[in-house]
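Participant: Quick one: the structure is below, and I'll ask about it shortly.
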Amino acid sequence: MKEIEVRTQSKEAMEDITSKVIEEISSSGIQTGMCSVYVPHTTAGVTINENADPSVMEDILMTLQKIVPDSLPYRHSEGNSPAHVKASLIGSSVNVLIDKGRLSLGTWQGIIFCEFDGPRNRRVIVNAFSF
Ligand code: ZN
């Protein structure tokens, strides 16, 4: 089990962590298996989507803002309920197959850390399993 540290710079952000995950897979030496990427936070998540055009990530954040308005009568006293809801919509883990020592991501796919209540120091747990 390895940990990646992510230092987010703004309240909301989507940060490409693909290269950091690839480093962990390379150092594991696993040729065929599965990589699990897990975010142990309640107001952040992880997803797989396009990492070639940064506009895609901006569009996802904009859409989540519309789906989860700041103005609802939330009850959670900490005041960050929209961040909790967005984190649940995005999810806290992704799995990617490892084939010939490489992640089986599509050409345009990347592993994206999603911050909804930053800026903060965040942890991402990477586990690789051999088949
Ligand atoms: Zn909270």
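Participant: Any chance you could give the angle, 0 to 90 degrees and rounded to 10, that helix 54-67 forms with the longest Cα principal axis of the chain?
Facilitator: Approximately 40 degrees, to the nearest ten.
Participant: Now, a different point. Run through all the Cα pairs of the chain and give the fraction in each 10 Å bin from 0, expressed as whole percent.
Facilitator: 13, 42, 30, 12, 3, 0
Participant: As an exercise, identify the trypsin sites (Lys or Arg not before Pro) in region 40-91 lying in DSSP coil whose Cβ has no more than 13 other Cβ atoms within 10 Å. Mind dumping the intermediate values first?
Facilitator: Numbers: sites: K66, R75, K86; in loops: R75.
Listed in order of number, the matching sites are R75.
Participant: Return the FRET efficiency for the residue pair F131, E3: r is the Cβ-Cβ distance, R0 is 22 Å, and the value is rounded to the nearest 0.05. Can you show the working numbers first?
Facilitator: Values: r = 23 Å, r/R0 = 1.06.
Calculated transfer efficiency: 0.40.
Participant: Counting each DSSP H run of 4 or more residues in the chain as -39500 (n - 2.57), what helix-only mean residue ellipticity at 222 nm follows after dividing by all residues, to the nearest 500 deg cm²/dmol?
Facilitator: Numbers: 3 runs with 35 residues, N = 131.
Theoretical 222 nm ellipticity from helices: -8000 deg cm²/dmol.
Participant: Can you tell me which of V21, V56, V94 moves the most in a GNM of the chain? Springs connect C-alpha atoms under 10 Å apart.
Facilitator: V56
Participant: Helix 18-28: angle to the longest alpha-carbon principal axis of the chain, degrees 0 to 90, nearest 10?
Facilitator: Computed tilt is about 40 degrees.
Participant: Which residue, A44, M57, M34, has the largest displacement toward the positive end of the dipole of the chain when charges sit on each Cβ (Lys, Arg +1; Asp, Glu -1)?
Facilitator: M34
Participant: Related question: Could you state the angle between the C-alpha long axis of helix 81-90 and the longest principal axis of the C-alpha atoms of the chain, as a value from 0 to 90 degrees rounded to the nearest 10?
Facilitator: Its long axis makes an angle of about 30 degrees.
Throughout, read-outs are computed from the coordinates displayed, never taken from laboratory work. Note that this is a predicted model, so its numbers are computed, not measured. When we count neighbours, we look across all protein chains shown, and the Cβ atoms used for this are built from the backbone with ideal geometry, even at glycine.
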